[in-house]
Amino acid sequence: MYPVITASVPLLEPPGWAVAQRGLFDLLDQAWRQFARDYTGPDGRLTYHGRLSSRDGVDDFYESFFNWPQLYLLGGADDLLGESERHWHGVTAQLTELGMLSDEFERGYDWFHQGESLLLLYFLCMAAPERWQERALRFADLYVDPAHGNYDPERRIITRPHNGSDATRTGLFDGDWYPWLPSEAETYGFPLNWLLPPGVDEPPRDRDPRLGREMTERLGVGDTAVNLAVAGLVHNALLLSGDRKYRDWIAEYVGAWRERAAGGILPDNVAPDGTVGGLLDGRWYGGHYGWSWPHGWYSVGHAAIIAAVAAVEATGDESHLDLVRPALDAVIANGKTIAFSDADSSLRSKWTVQLGEDVDVPTLHVPFRHDDRGWFDFNPMLMAVPTALWHHSAADGDRERLDRLRAAGGHDWRTVRPFRSKEEAGHEEPWLAYLSGDNPDYPERILAAAQAQVRHRLARMARYRDQEVPEADIHLWQQSNPVVTEALVQLTWGAPQVIYNGGLPQARVRYYDGDTRRPGLPPAVAALVRGIDPEATVVELVNLDGRQRRTVIVQAGAFAEHTIHTVRHTACHDDSWIGGLYDYGHGQPQVIEESLPVDGPWLAVELPASTRIRLTLRLTLRDNAASYRTPFDVRRSTWHEP
């Protein structure tokens, strides 16, 4: 079905990155098992005896396991997939009992949080599509089929910001006024802040028009930009089924938002009649989880890149990426060079750990939010969006934007710090510096940082495992989840970590174990992607096992959407390096390069014991139909189906 290369370069001194990578796999295998013992019950649910008093909370339960099946896809233990499925089912039953789900799906909530909830499902679909297809299509149909009440095909809008399986759930909260905590008000301010004239004393919460009827009537209906993350759910259904109705829906809905942006900054709100700003006195900003409140670019940018990538995959039209670029360039253009310690950031806990000692170093800060005052809430550039954009497009302009951001940065992009953000990301800068060729020690340093993250989480688990979890502290589980995958995604897939608020994974290459016919690297095999240019995507494979042969199938793209045209690979056919019987040492292996045509998304590599190989792949991006098909069940004739 696909070409086979047999590695022949001997592995004499295992590279440090390869040993460290396999060591991380081993530690992670211990860690997720310990988390399951400490925090979950027999059916996989989390140990929690309280209730949930608001619409918030579903994401916090699922997020605790979001990257477990991702670790399986990378090469984690064989039983990790089944355990991940068990936890999904257990948590789903638990949340149903708590009144949060209907028919296994969120009753109605914003898509900043729903996107987080669904990452676990998306990775399960990728790992076991035949078991998850029916459920995933049923979820997508909640939006694609207007009969469910979430989508208005005439106006091409999702009908309300809180949406899901319960069409009767309206508005943004249950009760007469939004249950805004004082700490949240201090951090994010209030929505609809223009309703109170300047200088007016703040009214009591239960009589504040910004948090009661006005909020319900102006923000609780119509569409909002964060709903663009629904495109990830529908994209997942398209990958599973190939059904054209999912392709058409993505094109229609994302296309409508592109028209509203009209080549400029993406607005964040659409009234029920289809007009931008129709409920906000003409403002293009101010929608729920939009530009003004509470997170701005942090929520709008993530939703936009999720939708743009889904639309490109669905239609083949690369111009859908222009849904993202104008807004991204606008926040950069309105940036300023200051120290983070002088910024008005609403995300201080995120950046304090990520910047470390550089919090006082002047660097480019961009505004995340906009309201009647103009741009505000300045933060260092959140690199997830521009990195995912360039990784997907491989366009010169998107690469040049990254170079400009680095030049404008006052901190050293090569620095690696051992932190684990909520998104399990944040190390894009040193990875990009590595790909640029000036951070050669990055693989070893990011793997060491990953080990530190896991061991820190294990210590936290030990501290809190016997404590009852109150509702206010349900973030404990995701704060204790010891599975870290960012380093492995970067180094083995050649990709940034998944967009956390509902994206589907990106990968320049992915792997299957050819002997066990499952996704992921085989045991004892390590992989390192050294470059991801389409003309020269460079991958190293190492078999650390001194006795057993392994077979790796290299796949081009997360969804076999790319084509490998040719591969150049290292070889050593001269065994004179072994020397004679009475030699006390060995010679230097004579390594040459050979070339082979592939013309498909898969390439098999046989790795005899203690061998290594470097592959230089010439790729064409996205010229195959993206799907969850595997190299074990697809005929060559299906590779290029539209």
A student applying the Cα gyration tensor rule (rounded when a/c is under 1.5; otherwise prolate if a/b is larger than b/c, oblate if not) would label segment 325-445 oblate
Normalised by the number of residues in segment 365-499, what is the relative contact order in percent for Cα pairs under 8 Å and 6+ residues apart?
22 percent
Run down the lysines and flag those whose C-alpha is under 17 Å from the C-alpha of K422, throwing out any fewer than 8 positions away in its chain.
K350
CD proxy at 222 nm, helix term only [per DSSP H run n ≥ 4: -39500 (n - 2.57); per residue of the chain; nearest 500]:
-11000 deg cm²/dmol
Spatial extent of the chain: Rg and Dmax, with the Cα atoms as the point set, Å:
24.9, 93
Rg(Cα)/(2.2 N^0.38 Å) for segment 458-556, N = residue count
1.43
Relative contact order computed over the chain (Cα-Cα under 8 Å; 6+ residues apart), in percent
17 percent
To the nearest 10 degrees, the tilt of helix 111-127 (Cα long axis) against the first principal axis of the alpha carbons of the chain is 30 degrees
Could you list the square roots of 5 times each eigenvalue of the Cα gyration tensor of segment 97-199, that is, the equivalent ellipsoid semi-axes, sorted largest first and rounded to whole Å?
31, 18, 13
So the label point goes 7 Å from the Cα of T96 along Cα→C-beta, right? Which residues of segment 119-137 then have their backbone N under 15 Å from it?
135-136
Extension reserve of the T415-D79 stretch, reckoned as 0.36 nm per residue once the Cα distance is removed:
117.4 nm
Would you pull out the residues with amide H under 5 Å of F378's amide H, same chain only if 5 or more places away, H placed 1.01 Å from N?
D344, S345, F368
Can you give the extra length, in nm with one decimal, that the chain gains between A452 and R568 once fully stretched, where that is 0.36 nm per residue apart less the Cα-Cα distance?
38.1 nm
Helix 384-393 sits at what angle to the longest principal axis of the chain, using alpha carbons and giving 0 to 90 degrees rounded to 10?
60 degrees
What's the local net charge at E424, with K and R +1, D and E -1, over the other residues with C-beta under 12 Å away?
-1
Please compute the modelled spin-label separation between R51 and A251, points set 7 Å along Cα→Cβ, answer in nm with one decimal.
4.9 nm
Cβ crowding within 10 Å averaged over residues, with 308-316, 63-71 ranked highest first:
63-71, 308-316
For segment 138-209 versus segment 561-586, the gap between their alpha-carbon centres in whole angstrom:
62 Å
Restricting to Cα pairs under 8 Å and 6 or more apart, the percent relative contact order of segment 459-618 works out to 23 percent
Please give the FRET efficiency for L196 paired with A609, using the beta carbon to beta carbon distance and R0 = 51 Å, rounded to the nearest 0.05.
0.10
Give me the distance between the Cα centres of segment 418-476 and segment 250-266, rounded to whole Å.
36 Å
Check cross-link reach from K245 to the aspartates and glutamates: straight Cα distance under 19 Å, and skip same-chain residues fewer than eight apart.
E134, D141, D145, D152, E154, E313, D317, E641
Applying a 10 Å radius around every beta-carbon, put 415-424, 496-505 in order of their mean neighbour count, most first.
496-505, 415-424
Looking at the chain, what % of its DSSP beta bridges pair antiparallel, to the nearest 5?
95 percent
Other residues with Cβ under 13 Å from the Cβ of A448 give, with Lys and Arg +1 and Asp and Glu -1, a net charge of +1
Between I157 and residues 5 or more places away or on another chain, the pairs with built amide H atoms under 5 Å apart involve D152
How would E606, E561 line up from fewest to most surrounding beta-carbon atoms within 10 angstrom?
E606, E561
In whole Å, how far is the Cα centre of segment 322-341 from that of segment 1-72?
34 Å
Residues with amide H under 5 Å from that of G520, placed H, sequence gap 5 or more:
Y511, Y512, D513
HN-Hα J couplings of segment 293-299 from phi, Karplus 6.51/-1.76/1.60, θ = phi - 60°, integer Hz, Gly and Pro as x?
7, x, 10, x, 4, 4, 8
Under unit Cβ charges (Lys, Arg +1; Asp, Glu -1), what dipole magnitude, rounded to 20 debye, does the chain have relative to its Cα centre?
740 debye
May I ask for the angle, rounded to the nearest 10°, between helix 80-97 and the longest principal axis of the chain, with both axes built from Cα atoms and the value confined to 0 to 90°?
10 degrees
Net lengthening on full extension, E318/D174 (0.36 nm per residue, minus Cα-Cα):
47.7 nm
What ³J(HN,Hα) values, in whole Hz, does the Karplus curve 6.51 cos²θ - 1.76 cosθ + 1.60 give for segment 156-169 when θ = phi - 60°, with x put for Gly and Pro?
6, 10, 7, 6, 7, x, 9, 9, x, 8, 10, 5, 7, 7
Estimate the FRET efficiency between T275 and E186 by the formula 1/(1 + (r/R0)^6), using the beta-carbon distance for r and 30 Å for R0, to the nearest 0.05.
0.35
Across segment 33-39, in residue order, what do the Karplus-derived ³J(HN,Hα) couplings come to in whole Hz, using 6.51 cos²θ - 1.76 cosθ + 1.60 with θ = phi - 60° and x for Gly and Pro?
5, 5, 4, 4, 5, 7, 10
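Every read-out reported here was derived from the displayed coordinates using simple, explicitly stated rules and does not represent laboratory data. Quick caveat: nothing in here was measured; it's all calculated off a predicted structure. Neighbour counts are summed over all protein chains in view; Cβ atoms, including those assigned to glycine, are modelled from backbone coordinates with ideal geometry.
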